[in-house]
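Chemist: One structure coming up, written as structure tokens, with questions to follow.
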Amino acid sequence: MAGKDSDWFAESLYPSVRFAFRAERVLHHEDTGHFELALIENAAFGKVLMLDGITQVTTGDEFIYHEMMSHVPILAHGAAKRVLIIGGGDCGLAEEVLKHRSVEGLTQVEIDASVVEFSRTHFGDFNAPVFDDDRFDLVIADGADYVATTEDRFDVAIVDSTDPVGPGAVLFTAAFYAGLHRVLNPGGVAVTQNGVPFFQKDELVGSMRDLGRSFALSAAYVAAIPTYVGGHMAMGFATDDAGKADVPLETLKARFAEAGLSTRYYTPAVHRAAFALPRFIEEAVEEGRARI
């Protein structure tokens, strides 16, 4: 596979930087038809899933990414009953969403059924509850086509995509973001995976521009996730209700308590702080908004 050197598997996303995982064991390796998939075991990160040489999830720190991608939009919304996930084939995000008792239905749209089945087999330590939950509806389809055509509507939409290369590129376009806006109920919230701004500034600038063409507010928040090297990871946050990006701490505390969540990274205070961006990331957000 791309980036493989003996027992080291290199992250191939960044052309000027090499980061590699040592494989204590190669657990699985195949071409799914959509992706080249590899699962290895690493001493520091546990199980590491890579698609086309790009790291997707590790069992060591998946909780950070999945908690921040799910609890921030749901608790910011405050009354989310129907949630949409685009991508997210490892189903860790679905597991976090379904911890919210207020969520009545979760639709997950994933392009590659084999990724879901693979993850069900190998990541059961964090996704097993998803497949026994009657609220979970898995749709195998292209996410861009789905948001352009479905008659279903949602309160929160979360885009747990691969990076903007290969099959994931369409999920970073103005047309796709218009589809996200289309499927949201009034006051709905969309959250997107927007990479590491230190290495992927253009990705964040472009998303802020294109989200802002469909939503009244395009914003971002950050989390520190060891797997995704380069500093903070950015999540796009888009809504027509700007107040949802600035929910008071006491309100978040009340919603968090009512939800009865048990978390390892997310707290209401972290939620608030995540929207306080380092200046270089704030400048990228402002640059994107200026191009709307």
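The values are calculated or read from the model by the stated rules, or taken from the named source; none is laboratory data. Quantities reported herein were computed from a predicted structural model and do not represent experimental measurements. Cβ placement follows ideal geometry from the backbone for every residue including glycine, while neighbour counts extend to all protein chains displayed.
Chemist: Say whether the condition of being in contact with a helix residue (DSSP H, G or I) (Cβ under 7 Å, 6 or more places away or on another chain) and assigned to a loop (DSSP other than H, G, I, E, B) is met by at least one residue in segment 103-121.
Modeler: yes
Chemist: Among the numbered criteria (1) farther than 26 Å from Leu106 by Cα; (2) surrounded by fewer than 18 Cβ atoms within 10 Å (Cβ to Cβ), which one does Asp246 miss?
Modeler: It fails just one condition, (1).
Chemist: Go through segment 100-132 residue by residue and tally those that are crowded, with 18+ Cβ neighbours inside 10 Å and in contact (Cβ under 8 Å) with a residue 40 or more places away in the chain.
Modeler: Filtering segment 100-132 down to residues crowded, with 18+ Cβ neighbours inside 10 Å leaves 100, 103, 106-112, 115-116, 118-119, 123, 126-127, 130.
From the residues that got through so far, the ones that are in contact (Cβ under 8 Å) with a residue 40 or more places away in the chain too are 100, 107, 111-112, 115, 118-119, 123, 126.
Summing the residues that are crowded, with 18+ Cβ neighbours inside 10 Å and in contact (Cβ under 8 Å) with a residue 40 or more places away in the chain in segment 100-132 gives 9.
Chemist: Out of all the residues in segment 128-156, which are in contact with a Lys or Arg (Cβ under 7 Å, 6 or more places away or on another chain) and under 21 Å from Lys47 (Cβ atoms)?
Modeler: If the condition is that a residue be in contact with a Lys or Arg (Cβ under 7 Å, 6 or more places away or on another chain) and under 21 Å from Lys47 (Cβ atoms), then Phe131 is the only one that fits.
Chemist: Sticking with this one: So, of the residues in segment 1-44 that are modelled with pLDDT under 90, in a loop (DSSP other than H, G, I, E, B) and among the charged types (D, E, K, R), which turns out to be farthest from Asp61 (Cα to Cα)?
Modeler: Only one residue tops the list, namely Asp7.
Chemist: State yes or no: is Ala223 over 30 Å from Asp145 (Cβ atoms) and either outside any helix (DSSP H, G or I) or among the aliphatic types (A, V, I, L, M) (or both)?
Modeler: Spelling it out, it is not the case that Ala223 is over 30 Å from Asp145 (Cβ atoms) and either outside any helix (DSSP H, G or I) or among the aliphatic types (A, V, I, L, M) (or both).
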